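What follows is a single structure, written as C-alpha cells, with notes after it.
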Amino acid sequence: MSTITARLWPRAALCQLLLVLAISMGSSPVQALRVEEIASAKGIKAWLVEEHSVPLIAIRFAVAGGASLDPAGKEGLATMVADMLTEGAGDLTEEAFKAQVSSLGMRLSLSAGRDAIYGGLETLSKRFAASAALLRLALTAPRFDEDAIERVRSQRLADLAMAANEPNRVAVDRWYREAFPDTAYGRPADGTPQSVPRIVREDLATQHSKLLARSLLKVVIVGDIDKATAAAALDNIFGDLPERTQLTLLGKVDPRPPTAPIVVEKDLPSATVAFGLPALASKDADFPALEVLNHIIGSGDFDAVLTEEIRVKRGLAYSVQTGLVHDSITSLLLGAFSTKNETMGSALGVLKEVLVKMAQDGPNPSQFENAKRYLTGSFLLDFDTNAKVASSLLGIWVDGDTPDYLQARNQKINAVMLADVKRVAREVLKTQALIVTIVGKPQL
Amino acid sequence: MVRVGLLLALFIGLFAVPAARAEPRVNTFTLANGMQVVVIEDHRVPVVTHMVWYRVGAAEDPWGTSGIAHFLEHLMFKSTGKLKSGEFSRTITRLGGRDNATTTHDTTSYFQRVAKEHLRAVMELEADRMLNLRLNEEEVKTERDVILAERRSNVDGNPLSLLSEQMLSVLYHNHPYGRPSIGWEHEMAKLSRQDASTFYKRYYAPNNAILVVAGDVTPEEVRPLAQATYGRNRPNRGLVRPIRPDEPKPIAARRVELVDGRAGTRILLRYYLSPSLASGPPGEAESLELLARIIGGDDTSRLYRRLVVEKLASTAGANFSAAARDSGRVAFVVIPLEEVALEKVEGILDAVIREVCEKGVTEAELDRAKSAIEAARVFESDDQMQLARRYGEGVAFGQSLAQIGEIAQRVQSRSVDDIKRVAVEYLARERSVTGSLLLPQKAEASAGPQAVKQ
C-alpha cells in the first residue's frame with residue numbers, strides 16, 4: 001500500500017503544526033515564501049507557491065464535511081468513500097488504476113477526517129499531467145466495484161480490530177464519545193465493527209456525490225509549476241465536481257460537562273489516559289495567548305511544565321503532551337500520556353495540580369518569554385519541504401485565515417502579554433471541566 | 001530517541017535507496033582532530049539541520065548491559081560543566097529550534113533544526129557535550145525510569161514489536177543485532193551511572209563522530225565554525241572499536257510463536273538474513289530493494305494481488321531494511337482475514353517467493369519498481385532531515401559521498417537477472433525466521449504475552 005500513503009495532516013496534526021507557526025525576530029523569513037492566490041477559468045481558487053529547486057509538485061486539499069456527515073448507524077461511510085476513490089475509476093479497473101499510480105511513482109492519498117475529506121498528491125514535475133489526470137479520475141469517476149467494496153470493508157474491519165488494541169486510539173476515541181455523546185462528531189471517523197458491515201454500494205455512491213462539492217474545497221499547490229499550468233490543473237482535476245452539496249454541515253458543538261474518569265479495562269502493563277478541556281476558537285482574539293499557554297504546559301519539550309513535573313522530576317511517563325484541536329465544529333485542549341497502572345492515580349494528581357496552579361498563578365515571566373521565543377523562532381521549520389509548505393498553508397486556510405497570516409502571525413504572538421495568558425489560563429484550565437478517559441487497569 | 005517512540009523498523013515507510021536528477025550539492029572535509037564534516041546545500045529557506053553522528057550504537061553495548069548506548073543518548077541531555085541539566089534542549093527551544101536524538105545498533109545521532117543565524121550557538125552546545133557531560137546518581141536513576149517507560153510503551157505494550165524483537169534474537173546467532181537496541185528490560189533496570197560514563201569516555205570523541213549540516217549554508221561558512229567549536233575537542237587517540245562477530249552460515253529455518261491476548265489480529269511475519277547497503281557488494285542492496293518492492297511494495301505487488309485482492313488478507317507486504325552496517329534483512333508481513341488460517345497465507349507467501357526464485361520477475365514489474373524508487377528519492381531530496389540522514393548514516397557506515405550518490409544509478413542499472421539471482425541467494429529457507437502472532441483460545445482472551453516458543 002505504500003504508493004497510496006502520502007503523509008497527510010489530519011486536523012489535529014495540522015493544529016500541532018500551526019502551534020509552532022510563528023515568525024522570528026525582526027526580519028520576516030517567510031518573505032522567502034511567496035503565496036499567490038489564483039483562480040481557474042471555472043472559478044476554483046487555490047493558493048500557489050512556485051518553488052523550482054526540487055523537481056516535484058505537491059498538492060493538498062480539503063473539502064469541508066467529512067466524517068461528521070456520516071448518517072447515524074453508518075459511521076465510517078466517509079472513510080470508506082475516501083478509500084474507494086483509489087480502487088478503480090473511469091475505465092481503469094482497480095488493478096489498472098493502481099498500476100498507473102505505481103508506474104508514476106506518485107503519492108496519492110485520500111482520507112476522511114472528522115470535519116473534512118483530505119487529499120494529497122506528490123509527484124515528479126515531469127509526471128505531473130498524468131498524475132493529475134489520475135487524481136481527477138479518482139475524485140470524479142470512482143467505480144465502486146462490488147468486489148473492491150468487499151475487500152476494502154474487510155480491510156477496514158481488520159484495522160478496527162487492531163485499533164481496538166491500541167491504547168492511544170481507544171482512549172482518544174472514547175474521549176470523543178464521552179465529550180460529544182449525541183453528535184456525529186463524537187463518533188469514530190473510521191466507523192465501528194457494527195456500522196462498517198452495514199455500508200452498501202448505494203450509500204457510497206450517494207455520499208460521494210454529495211461530499212465533494214467545489215464550494216467546500218480549498219486547494220494548495222506547491223512546487224515546480226507555473227501559474228498557468230496550476231490554474232489549468234485546477235479545472236482539470238476539480239472542475240467537474242458539483243458546485244454545491246445538499247448536505248448540511250454540522251454546526252458548532254461544545255463538549256458536555258464531565259463525569260468521573262471513564263476507565264476502559266484492559267490487561268496492559270501500563271495505562272494510557274486522554275484528557276481534555278473546552279478551549280478557544282482560532283478566531284478568538286485570545287487564541288494566540290492560548291497557544292502560548294498550551295506551549296508552556298504541554299509542548300512535550302523539556303521546557304514544558306508537564307514534562308518537567310511528570311517525566312523529569314518523577315519519571316512517571318516517557319512522553320506527555322497537550323495540543324489544541326480547533327476546527328469548524330469545536331475547539332479543544334487535548335492531552336495524553338501513559339504510565340504504569342499503579343502510578344496513574346498519582347500522575348493524574350500531578351496533572352491536576354499543574355492545571356490548578358497555572359489557572360491560579362499563570363506562568364512565570366521566564367516561561368512566558370521562552371514560549372513566545374520558541375513560537376516565533378520555530379516558524380520556518382515547517383516550511384522547509386514542498387509537502388510541508390502545502391500542508392501548513394492548507395491548515396492556515398482551513399482556519400479561515402489569508403496568506404497574510406504568514407506575516408501577521410509573529411506580531412500576534414509578540415503582542416500577547418503575560419496578563420493575557422493569565423486570563424486565558426483562568427478561563428480555560430478548569431479542572432472541574434476536565435474529561436478523562438483511561439485505558440488499562442489503573443489504580444486511581 | 002529521547003522524545004519520540006523508538007521505531008521498530010518493520011514495514012512502515014519507503015526505503016532509502018533510489019534515483020533522480022535532483023541530487024543535492026554535497027561536500028565534505030575533515031578537521032585536524034579527525035572529525036569528518038559533510039555539508040549539504042539547500043537554500044530554499046534560511047533554516048539549517050545540524051546533526052552529529054557517533055559511530056557507535058547498541059551493537060557496542062557490552063554484554064550484560066544492553067541498552068546502554070540508548071540510555072547514554074538520554075543522559076546526553078543532562079548537565080555539562082557549562083550547562084545545567086535539561087539546559088541543552090531548553091536553549092534550543094528558546095532559539096526557536098527543535099532537537100532530538102536517535103540510537104540504532106550502529107549509530108547514535110543528535111540533531112537540531114534552527115534558523116541559520118543560530119548555527120554557531122548550536123555547534124557550541126553540541127561540541128561541549130561531546131566531552132564535558134556530568135552525570136549525577138539521582139538524575140541517572142530518574143532517567144532510567146524514563147527508558148523503562150519507553151520500553152513499556154513502545155515494545156512491551158505492542159505485541160507486534162515483541163514478536164519482532166523475539167524473531168531478531170533468533171535471526172542473529174552471533175551478531176549483536178540480535179539484542180534490542182533499547183535493551184532487555186532486566187538489564188536496563190540495572191544500568192548505572194558508571195556504565196554510562198565508561199561508554200561515554202570510550203566512544204564520544206571527535207575522531208569517532210561525523211558532523212552533517214544541511215540547509216542554507218555553504219562549506220565555506222561551515223568550515224570556520226566547525227574549527228572554532230568541534231575543532232577544539234581533543235581526539236581520543238586510544239579509540240578502539242570492538243570487533244563485531246560475523247554470523248555463521250545459516251543452516252536451519254526457525255520459527256517463533258507468540259500468543260498475546262492484546263493482539264487484535266493474528267499476524268505472520270518473516271525475516272530473511274541479507275546484506276545491507278553497506279555490507280554487500282555494490283548493487284546487491286539495490287537489487288534486494290527492487291525485489292522487495294516487486295514482491296510486496298505496493299498494491300500492484302504479487303503478494304497484494306494474491307492475498308489481499310483474493311480476500312485472504314487485509315495486509316500483505318514486503319520491505320527491505322538496508323540501513324545497517326553489517327547486515328540487512330528482507331521482511332514479509334501478512335495479516336490474514338479472520339476466517340483464514342495462518343497456514344494458508346503462509347503457503348501462498350511461500351509460493352510467491354518460490355515463483356520469483358524459479359521464474360524471476362518481468363521487465364514491466366522491474367520498470368515500475370525503478371520508476372517508483374526514482375520518485376521516492378526525489379521526495380526524500382525535498383526534505384533536509386532525510387537528506388542529512390541519508391548522508392550521515394552512509395558516511396557512518398563507511399561509505400564515500402560518491403558511493404552514496406551513485407545509489408540512484410545503481411538502482412536503474414539492475415536487470416531482471418540481478419533480481420532473480422538475489423532472490424535465489426537470499427530468500428533461501430534456511431536464512432529465515434518465521435514469526436506468528438497468535439490469539440489465545442477464546443476462554444482465556446485478554447491476558448498479556450503467554451508463551452514464547454522457539
Fewest to most Cβ atoms within 10 Å: B:Val48, A:Val356, A:Val219 sort as A:Val356, A:Val219, B:Val48
Computed, not fitted: 222 nm per-residue ellipticity of chain B from DSSP H runs ≥ 4 (each -39500 (n - 2.57)), nearest 500, equal to -11000 deg cm²/dmol
Karplus ³J(HN,Hα) for segment A:125-136 (6.51 cos²θ - 1.76 cosθ + 1.60, θ = phi - 60°; Hz, whole; x = Gly/Pro) runs 4, 5, 10, 5, 4, 5, 5, 5, 4, 5, 5, 4
When B:Phe88, A:Phe302, B:Phe320 are arranged by how many other beta-carbons sit within 10 Å of their Cβ, fewest first, they go A:Phe302, B:Phe88, B:Phe320
Rounded to whole angstroms and listed largest first, the alpha-carbon spread of segment A:254-303 along its three principal axes comes to 44, 32, 13
In segment A:40-106, the trypsin sites (Lys or Arg not before Pro) that sit in a DSSP loop and have at most 16 other Cβ atoms within 10 Å of their own Cβ are A:Lys42
In whole µm²/s, the translational diffusion coefficient that Stokes-Einstein assigns to chain A, given a Kirkwood hydrodynamic radius over C-alpha pairs, 4 °C and 1.567 mPa s, equals 57
Over chain A, the sum of -39500 (n - 2.57) across DSSP H runs of at least four, divided by residue number and rounded to 500 deg cm²/dmol, gives at 222 nm -12000 deg cm²/dmol
Kirkwood calc, segment A:262-440, C-alpha pairs only, radius in angstrom 17.2
Of all DSSP beta bridges having both residues in the protein assembly as shown, the percent classed as antiparallel (nearest 5) is 85
In order over segment A:203-217: 3J(HN,Hα) from phi, Karplus 6.51/-1.76/1.60, θ = phi - 60°, whole Hz, x for each Gly or Pro, gives 4, 5, 5, 5, 5, 4, 5, 9, 6, 9, 9, 4, 5, 9, 8
Residues of segment A:185-202 with backbone N under 18 Å of the label point set 7 Å from the Cα of A:Thr248 along Cα→Cβ are A:185-186
If amide H atoms are modeled at 1.01 Å from N in the peptide plane, then the residues at a separation of 5 or more from B:Ser274, or on another chain, having amide H under 5 Å from its own are B:Gly328, B:Arg329, B:Val330
Scoring segment A:303-444 by relative contact order with C-alpha pairs under 8 Å, at least six apart, yields a percentage of 30
Expressed as a whole-number percentage, the relative contact order of chain A with C-alpha contacts under 8 angstrom and at least six residues apart is 25
Note on segment B:25-232, DSSP bridge orientation, antiparallel percent to nearest 5 equals 80
Listed with the fewest Cβ neighbours within 10 Å leading, B:His105, B:His173, B:His50, B:His70 appear as B:His173, B:His105, B:His50, B:His70
As a percent rounded to 5, the proportion of antiparallel DSSP bridges among beta bridges in segment A:12-238 is 85
Relative to chain A, whose Cα atoms define the longest principal axis, helix A:167-179 and its Cα axis are tilted in degrees, nearest 10, by 80
Each residue of A:165-178 has, on average, a number of other protein chain C-beta atoms within 10 Å of its C-beta equal to 1
Along principal axes, largest first, the alpha-carbon spread of segment B:254-453 in whole Å comes out as 59, 35, 33
Here segment A:407-424 yields Karplus 3J(HN,Hα) values (6.51, -1.76, 1.60; θ = phi - 60°; whole Hz; Gly and Pro given as x) of 7, 6, 4, 5, 5, 4, 5, 5, 7, 5, 9, 3, 4, 5, 5, 4, 5, 5
Partner shielding of B:261-270, as the mean number of partner chain Cβ atoms within 10 Å, equals 3
Note to self: Kirkwood Rh of chain B, Cα pairs, one decimal, Å, is 23.1
Semi-axes a, b, c in Å (a largest) for the protein assembly as shown, each sqrt of 5 times a Cα gyration tensor eigenvalue, come to 36, 35, 30
Per the Kirkwood formula over distinct C-alpha pairs, the hydrodynamic radius of segment B:25-232 in angstrom is 17.9
Amide H neighbours of A:Lys430 at under 5 Å, excluding residues fewer than 5 places away on the same chain, with H built from the backbone geometry, are none
If amide H atoms are modeled at 1.01 Å from N in the peptide plane, then the residues at a separation of 5 or more from B:Glu23, or on another chain, having amide H under 5 Å from its own are none
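Coordinate-derived values only; no laboratory data. Since the structure is predicted, the reported quantities are computational estimates derived from the model, not experimental observations. Cβ atoms come from the backbone with ideal geometry, glycine included; neighbour counts cover every protein chain shown.
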